[in-house]
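Worksheet for the structure shown next.
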Amino acid sequence: MRGCRPCRTPARHWSVSGFAVSVLRRVCMSSKFSCIKSHCFQVIFNRNHASRRNLKISCFQDSATKYFDFVVIGSGVAGLRYALEVSKRGSVAVITKAEPHESNTNYAQGGVSAVLCPSDSVENHMRDTIVAGVHLCDEETVRVVCTEGPDRIKELIAIGALFDHGEDGNLHLAREGGHSHRRIVHAADMTGREIERALLKAVDDDPNISIFEHHFAIDLLTSQDESDIYCHGVDTLNTETQQVVRFISKVTLLASGGAGHIYPTTTNPLVATGDGVAMAHRAQAVISNMEFVQFHPTALADEGLPIKPNKRRENAFLITEAVRGDGGILYNQSMQRFMPLYDEREELAPRDVVARSIDDQLKKRGKKYVLLDISHKPRQEILAHFPNIAAECLQYGLDITSMPIPVVPAAHYMCGGVQAGLHGETNIKGLYVAGEVACTGLHGANRLASNSLLEALVFARRAVRPSIDHLECLSLNIQDSNMWARPVLPLSLKSNTVRDIMLQTRVIRTELQSIMWESVGIVRSTSRLKTAEWKIGELEIEWEKFLFRQGWELTMVGLEACEMRNLFCCAKLVVNSALARRESRGLHFTEDFPYLEESKRKPTIILPSSSLKLTWSSRQLHKEPH
Amino acid sequence: MANKLRRLLVFSHDIGNPRVGLVLGHARSLSSSSPAPPEAERRAVVEDEKKGEERNGPGSEGRKVDGEDEEGDDDNGGVYANKVTGEVGGPRGPEPTRYGDWERGGRCSDF
């Protein structure tokens, strides 16, 4: 039947990759009964209130397809905070690719910034944010975040997060670089972990929220209706059971975090492979400001340690600025002190300058690390102030009281991502974003310390209202869950072949990271970026050819292969964005345009790619290739 | 997404040339276009903290984080309270943010 007689909702004409698919049935809701008929399946509704608005779909337990009102991709602070709110209005699935606590949030150990001191002001926080962002921030976003921050902190406390207090009973507020006032709320030095703990506990206690761990998100399920794109859910791979699970949802929140692993040295945990940005880009979402990648200048460089760690370090050990502040000196491997060449403030120059200087030295000399030497200070002082560094280095045969520390910059945070409006909305209807995966306009060209947890909290909350509105106006149009071809496991391939593919993919990943570090690092140039563009393109073609030679098919999925697609996608977005910005601003520095250009003070926007020349990595897996 | 191209609030005292670092010899200027707390301000913050430490008695700089330092008192039923900042249950030893980033024992966890 076309359309629903009682409520007269007309059927919609859907287009999916050139095919017209008509909706053959509508769900008819009235206060007396609810019914749905489908030629493919039956869904049973639980009507717990008389009101038609408070309808919940019970999870239809077909193991291959699950139905929820809300699906959240990612279990960091943004995803969990959102889940706790929307669970009051419907069923929620939280999908996370490893353990729930394995997210960048958990490693965000500093604090959350908010105006909580009477002598502080929203205007101050705004100004600090905008100055740090080199005026590329969206003013309204900054105002909203700085204004709503304090309430979000209070809610966190109400949810059970324990932050440090002063003797006067008030929250203890610290002050970090770039802040004009004390405003960092923290829990010892494990704020992210504490917030994550509190949120996870609340989520576990919430009967409306189901967490699906070890579910890797593959591609968003979308359809197009003339000029509008709609998101209907997400395909996932259960990496424990090696099964594809399709989630159909009315509303999807993408909160999948960062993409540190496009670089070889990063503070991010292994899960941060840019899955969200890549999926959104493939689904035709607008991406913004990907060139602004934040690096920390001095991470411990394993290559320089006398005893090499036998396992590759998953997230970098950052050496604090306090080492330089206390008198540490930077040398290149020829034992030349190089900071005076770059800045009169020498080792005390701003972090960005230090990062660029180190990067420049490494590129010029073709080396993998520089040296940070504190050994000229008294031994007891070094051990008292920096016991963690001392202990870590000693494990690998390095005594920092007598030898310099090998350091290299590490990728830390992506300021850019999926372009979001003031409520986390994207250009795809039913798709919202929050957290590091989003580009909300808060960070601009550089993130202010401790603003990332704040951004996640504020936008997770702001996305709730429009999500609920979207849910309620959708009038429960259950899609034919088979409208999109299902991804398949590589069961037809021999296990040797699958293993070879996995190994080769790891090699390719290392190569991609190498290209990114060499050519899309901290100090950039047009020629190096163009080289990167070409090399990455070639590498991707080479990898895909290898895959398909081994018998890989277009709709096949595997964790390593899917992560590799996403890494390629994010890497290309970073390169293209960097090429597009012909000025230097904040985190993006290019030798060919080394100064700020007022006329260039706008975000870098990447629109959905045309369907020409798309690689396998660039397409949603369920689409038929042209 | 027209809202993304809205006019940004501009602070006149910050427009203009980036701070240019001193260039010596053949090295290029890698001046920062993003500001950071001025060196003087940072030194002042550090000095405040150091003064705080000195106030608590000589040799306080040599205290380790393992609970041996006497900067705070344990009158609150065994919970450590920092005499300088008034923070209860916080980290012992030098202020983690004294150089702008968040550090404990030398490892930076936020910046």
Quiz item: In region A:396-418, what count of residues is obtained for those that are surrounded by fewer than 24 Cβ atoms within 10 Å (Cβ to Cβ) and on the phi > 0 side of the Ramachandran plot?
Solution: 1
Practice problem: Mind listing whichever residues of region A:448-493 are among the basic types (Lys, Arg), modelled with pLDDT under 95 and farther than 18 Å from A:Ile248 by Cβ? | Solution: none
Quiz item: Can you spot a residue in region A:237-255 that is of a type in the set (Gly, Ala, Ser), modelled with pLDDT of 95 or more and closer than 20 Å to A:Ser617 by Cα?
Solution: no
Quiz item: Which condition number in (1) crowded, with 24+ Cβ neighbours inside 10 Å; (2) not in a helix (DSSP H, G or I) is the one that A:Gly149 fails?
Solution: (2)
Practice problem: Could you identify the single residue in A:Glu85, A:Glu123, A:Glu140 that is facing chain B (nearest Cβ under 10 Å), assigned to a helix (DSSP H, G or I), surrounded by fewer than 24 Cβ atoms within 10 Å (Cβ to Cβ) and modelled with pLDDT of 95 or more? | Solution: A:Glu140
Self-check item: Only listed residue being crowded, with 17+ Cβ neighbours inside 10 Å and part of a helix (DSSP H, G or I), chosen from A:Val507, A:Val498
Solution: A:Val498
Self-check item: In region A:182-214, residue farthest from the chain's Cα centre (by Cα) [restricted to those that are assigned to a loop (DSSP other than H, G, I, E, B) and away from every other protein chain (no Cβ under 12 Å)]
Solution: A:Pro207
Quiz item: So which residues in region A:382-419 are in contact with a helix residue (DSSP H, G or I) (Cβ under 6 Å, 6 or more places away or on another chain) and in contact (Cβ under 8 Å) with a residue 12 or more places away in the chain?
Solution: A:Leu383, A:Ile400, A:Thr401, A:Pro406, A:Pro409, A:Ala411, A:Gly417, A:Val418
Practice problem: Exactly one condition in (1) facing chain B (nearest Cβ under 9 Å); (2) farther than 18 Å from A:Asn124 by Cβ; (3) under 25 Å from the mean Cα position of the chain (by Cα) is not met by A:Thr222; state its number. | Solution: (1)
Quiz item: List the pairs whose first member sits in region A:314-337 and is among the β-branched types (Val, Ile, Thr), whose second member is surrounded by fewer than 18 Cβ atoms within 10 Å (Cβ to Cβ), and whose Cβ atoms are under 7 Å apart, counting only residues at least 6 apart or on separate chains?
Solution: A:Ile329/A:Arg337
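Can you name the residue in region A:358-380 that is in a helix (DSSP H, G or I) and touching a residue at least 40 places away in the same chain (Cβ under 8 Å) and is also nearest to B:Gly93 (Cα to Cα) among such residues? Please lay out each step first, then the result.
Kept after step one, since they are in a helix (DSSP H, G or I), are these residues of region A:358-380: A:358-365, A:379-380.
Okay, now just the ones that are also touching a residue at least 40 places away in the same chain (Cβ under 8 Å), so A:358-360, A:362-363.
Numbers: A:Ile358: 30, A:Asp359: 32, A:Asp360: 35, A:Leu362: 34, A:Lys363: 38 Å.
Across region A:358-380, the extreme among qualifying residues is A:Ile358.
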Quiz item: What is the number of the single condition among (1) modelled with pLDDT under 90; (2) under 21 Å from A:Ala78 (Cα atoms); (3) buried (at least 20 other Cβ atoms within 10 Å of the Cβ) that A:Met190 does not meet?
Solution: (3)
Quiz item: Which of the residues spanning region A:477-508 are touching a helix residue (DSSP H, G or I) at 6+ places or on another chain (Cβ under 6 Å) and under 23 Å from A:His215 (Cβ atoms)?
Solution: A:Pro490, A:Met502, A:Thr505
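Okay, residues lined up against (1) touching a helix residue (DSSP H, G or I) at 6+ places or on another chain (Cβ under 8 Å); (2) in a loop (DSSP other than H, G, I, E, B); (3) among the acidic types (Asp, Glu):
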site: A:Thr222; (1), (2), (3): no, no, no
site: A:Cys231; (1), (2), (3): no, no, no
site: A:Val244; (1), (2), (3): no, no, no
site: A:Ser249; (1), (2), (3): no, no, no
site: A:Pro264; (1), (2), (3): yes, yes, no
site: A:Ala278; (1), (2), (3): yes, no, no
site: A:Pro306; (1), (2), (3): no, yes, no
Quiz item: Hey, A:Val323 hits all of (1) surrounded by 24 or more Cβ atoms within 10 Å (Cβ to Cβ); (2) β-branched (Val, Ile, Thr); (3) closer than 30 Å to A:Glu102 by Cβ; (4) more than 8 Å from chain B (Cβ to nearest Cβ) but one; which does it fall short on?
Solution: (4)
Practice problem: Within region A:168-181, track down each residue that is surrounded by fewer than 17 Cβ atoms within 10 Å (Cβ to Cβ) and facing chain B (nearest Cβ under 8 Å). | Solution: A:Asp168
Quiz item: In region A:390-410, what count of residues is obtained for those that are closer than 19 Å to A:Asn268 by Cα and either in a loop (DSSP other than H, G, I, E, B) or away from chain B (no Cβ under 13 Å) (or both)?
Solution: 1
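The values are calculated or read from the model by the stated rules, or taken from the named source; none is laboratory data. The structure presented is a predicted model; accordingly, all values stated were derived computationally and were not measured. Note that we place each Cβ from the backbone using ideal geometry, even for glycine, and neighbour counts take in every protein chain shown.
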